[in-house]
Amino acid sequence: MPPISGLYRGQDGESQLDLRVDVDGKRPTGRLSGDLFTTTGSTTAYHGSFVVHSTTRQGDRVEGQGAFTFAAPDRHVTVTITEDSATATVAGRTYGLHRASPYFRSVLLEQDSVAGAVPFVSYDTGALQGPPGRRTLTVAEAYAEAGVELRIAEPGVIPVDGAGQDLAWDDSELHNAMTQQFASFGDQAAWRVWLLVASKHVGGFRGIMFDYNDACQRQGAAVFYDAIKGESPQAQRAQLRTYVHELGHAFNLLHSWQKNLSRPPQPLGPHGGFGDLSWMNYVQNYQPGGERAYWQAFPFQFTDPELVHLRHGFFRDVVMGANAFGTGAAEIDPFEQPVSDRSGLLLEVRAKDFFEYGEPVVVELKLSYAGEPRTTHGHLHPDTEFTQVSITQPSGRTVLYRPMMRHCVDDSPEIRLDSGNPAMYRSAYIGHGRDGHYFQQPGDYQVRGQYIGADGSRIVSAPCLVRVRHPITTTDARVGELMLGEEQGKLFSLLGSDSPALRSGNEALEEVIERYGEHPLAVYARMVKGLNAEREFKDLGADKKLHVRPPDTGESIEQLGAVARQATVDNITLNMVMRRLARAVARRGDLDLAHGVLDDMVSTFAAKGINDIVLGRIRQQAELTKRALSAETS
């Protein structure tokens with residue numbers, strides 16, 4: 001009898017079964033799993049899922065006890081498959097089956113590329129030294145080996161005529177691009193995903209997976225051609241890995257070192273997950289041996305636990321548009337200090353004394369050394385996920401801050417912490433993420449950070465008190481409400497956007513500026529509007545053409561100038577605002593005044609009494625920015 005593994009479908013009255021049999025063929029996991037749907041009238045709704053982790057097989061019969069997402073009257077699952085017929089008994093019902101596919105799941109991949117960004121085609125795994133098992137892999141074939149069919153839609157090419165010289169994309173533009181371009185984008189669970197092959201990201205990343213805090217989870221990703229392009233075997237290999245990695249996130253696969261943060265938590269592989277030979281690991285962080293050792297041993301496949309998830313994870317935990325990334329990792333235990341810590345690194349989370357109701361919550365992360373100098377990587381911001389932040393809310397519930405966008409980095413520059421560079425700092429907006437607003441209620445919050453060092457060490461901070469005050473006046477309450485809308489939270493995460501999908505959020509911020517412009521929180525609305533106006537904005541219209549809105553220097557100077565004069569935002573954000581303000585002034589044609597803004601920046605921080613090392617860095621930033629603006633306007 002030929003292999004029986006694959007997808008089967010059956011019907012029993014109004015109940016429909018999608019059954020996955022995985023007991024033979026390539027890399028069998030010895031499991032049965034399935035999803036149940038209920039048809040009423042002309043509609044079909046998801047009912048629940050099950051998986052049988054341990055099966056016995058006798059002849060043409062496979063059976064075992066199932067784990068169900070619902071209260072099943074009978075947990076025993078039996079499947080009988082002969083050459084002529086197939087049946088399954090699940091939750092007390094019997095289904096006649098037909099074999100629908102040799103794959104366990106099928107996903108539509110819709111891919112668009114910006115003109116000039118050449119999509120990856122294939123890689124010969126024997127072109128460079130590595131383990132045995134040579135074959136030519138496309139992205140679709142890499143997933144096919146995991147039992148997942150990628151059906152490729154007709155690819156689209158987006159012309160860049162009139163886009164100007166700046167083809168670097170930021171998170172806001174990418175968010176808008178997916179909501180406008182993804183033909184299958186929708187507020188429902190479905191097996192479809194969108195991939196944009198863009199030129200480059202402003203942060204220099206190789207790829208990014210889009211996450212949202214509404215029902216539209218894990219629907220799209222982008223890869224950046226300028227960071228991975230090339231015809232050499234090394235470049236082709238890196239492209240394959242980047243494409244498969246980013247799409248893996250859309251299937252709800254976490255990075256190898258983050259699986260303990262899923263819900264339910266999954267065990268980490270060797271070396272705290274950095275020892276996984278997986279598409280989902282970072283090549284440069286592989287242990288032991290780094291990138292060279294990774295490629296010599298990597299078999300170009302998912303790990304066994306990842307394979308089980310792709311094939312047999314419960315429907316809503318895998319399908320795009322359903323459960324949030326991390327399989328509902330909303331509640332976690334607070335990070336605990338390790339029993340023994342000889343890393344020589346110290347992590348601090350710092351915040352101002354209190355936040356007003358509705359004020360964007362920004363914390364400062366500081367990584368320093370104790371004793372001997374230390375070398376580690378520079379990924380301290382939680383958006384790159386080597387640093388995680390947990391928030392214990394006034395109710396006692398602890399949640400994980402999960403950024404709206406996931407930035408995947410394939411380069412980890414070394415940072416040496418010593419007497420000349422005793423610490424590195426990052427400012428992080430943690431008020432809003434994929435789960436919505438984290439600080440909606442007044443009260444006391446405890447915030448902890450966890451930094452995963454270059455050697456896999458997990459450095460945990462002491463708790464930081466974040467206090468959100470009750471509104472004092474009716475105006476305070478009204479402004480706070482205007483700041484706490486979901487679209488407003490996205491705009492703060494993205495530092496502004498022209499996206500029509502966020503129109504009501506922009507209108508709320510405009511109301512704050514126009515009606516409550518003297519209120520202290522108006523500075524944040526001005527910052528978002530000013531930063532968005534200062535840059536050009538790329539918009540992929542329904543016509544599949546790239547439209548570019550040029551910078552509005554007048555609007556940006558007005559709004560960012562007000563932010564700089566008030567100087568009430570945190571220091572790192574103020575630094576960024578003043579440099580962007582200088583760029584807007586230079587673009588207006590007044591280079592001397594732009595240089596004056598940068599001189600004012602140095603004076604402002606000197607007056608704050610910050611330490612000499614940090615002030616020296618700010619002076620250096622100011623000089624470098626002056627040179628860049630002079631070159632840009634010459």
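The values are calculated or read from the model by the stated rules, or taken from the named source; none is laboratory data. The structure presented is a predicted model; accordingly, all values stated were derived computationally and were not measured. Virtual Cβ from ideal backbone geometry, glycine too; neighbours counted across all protein chains shown. Areas reflect the complete protein model, heavy atoms only, side chains present, ligands, DNA and RNA absent. Shrake-Rupley method; radii C 1.70, N 1.55, O 1.52, S 1.80 Å.
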Subset tally (residues that are modelled with pLDDT of 90 or more, of a type in the set (A, V, I, L, M, F, W, C) and open to solvent by 10 Å² or more (accessible area, probe 1.4 Å)) for the stretch 226-252: 2
Leading residue by the ranking (modelled with the highest pLDDT) among those in the stretch 186-202 that are under 23 Å from ASP498 (Cβ atoms) and surrounded by fewer than 18 Cβ atoms within 10 Å (Cβ to Cβ): VAL202
Residues of the stretch 537-560 classified as open to solvent by 10 Å² or more (accessible area, probe 1.4 Å), without any contact (Cβ under 8 Å) to a residue 40 or more places away in the chain and small (Gly, Ala, Ser), total: 1
Boolean, TYR103 is within 19 Å of VAL319 (Cα to Cα), at pLDDT 95 or above and either in contact with a helix residue (DSSP H, G or I) (Cβ under 7 Å, 6 or more places away or on another chain) or of a type in the set (Ser, Thr, Tyr) (or both): yes
Members of the stretch 452-486 found to be within 27 Å of LEU365 (Cβ to Cβ), open to solvent by 30 Å² or more (accessible area, probe 1.4 Å) and not in a loop (DSSP other than H, G, I, E, B), listed by number: ARG458, LEU465, ARG467, GLU486
Condition met for THR392 (at pLDDT below 90 and hydroxyl-bearing (Ser, Thr, Tyr)): no
Any hit, the stretch 262-269, residues being within 16 Å of the chain's Cα centre (by Cα) and either polar (S, T, N, Q) or part of a helix (DSSP H, G or I) (or both): yes
Single residue of the stretch 322-355 satisfying the filter (at pLDDT below 95 and acidic (Asp, Glu)) that is nearest to LEU495 (Cα to Cα): ASP353
Among (1) touching a residue at least 12 places away in the same chain (Cβ under 8 Å); (2) open to solvent by 60 Å² or more (accessible area, probe 1.4 Å) - the single one GLN620 does not satisfy: (1)
ARG151 being modelled with pLDDT of 80 or more, surrounded by fewer than 19 Cβ atoms within 10 Å (Cβ to Cβ) and assigned to a strand (DSSP E or B): yes
Extreme residue, most open to solvent (accessible area, probe 1.4 Å), among residues of the stretch 129-148 that are in a loop (DSSP other than H, G, I, E, B) and over 24 Å from HIS309 (Cα atoms): ARG134
Residue in the stretch 286-309 that is more than 29 Å from ALA189 (Cβ to Cβ), assigned to a helix (DSSP H, G or I) and of a type in the set (Asp, Glu) present: yes
Qualifying positions in the stretch 36-51 - open to solvent by 30 Å² or more (accessible area, probe 1.4 Å) and of a type in the set (Ser, Thr, Tyr): THR38, THR39, THR40, SER42, THR43, THR44, TYR46
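Table: residues versus (1) modelled with pLDDT under 95; (2) over 23 Å from VAL107 (Cβ atoms).
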site: PRO3; (1), (2): yes, no
site: ARG20; (1), (2): no, no
site: PRO28; (1), (2): no, no
site: ARG31; (1), (2): no, no
site: GLY41; (1), (2): yes, yes
site: GLN58; (1), (2): yes, yes
site: GLY66; (1), (2): no, yes
Yes/no for SER33 being in contact with a strand residue (DSSP E or B) (Cβ under 9 Å, 6 or more places away or on another chain) and surrounded by 21 or more Cβ atoms within 10 Å (Cβ to Cβ): yes
Scope the stretch 434-474; condition in contact (Cβ under 8 Å) with a residue 24 or more places away in the chain, polar (S, T, N, Q) and farther than 22 Å from THR387 by Cβ; matching residues: GLN440, GLN441
Some residue of the stretch 67-88 being more than 23 Å from VAL148 (Cα to Cα), open to solvent by less than 20 Å² (accessible area, probe 1.4 Å) and of a type in the set (Phe, Trp, Tyr): no
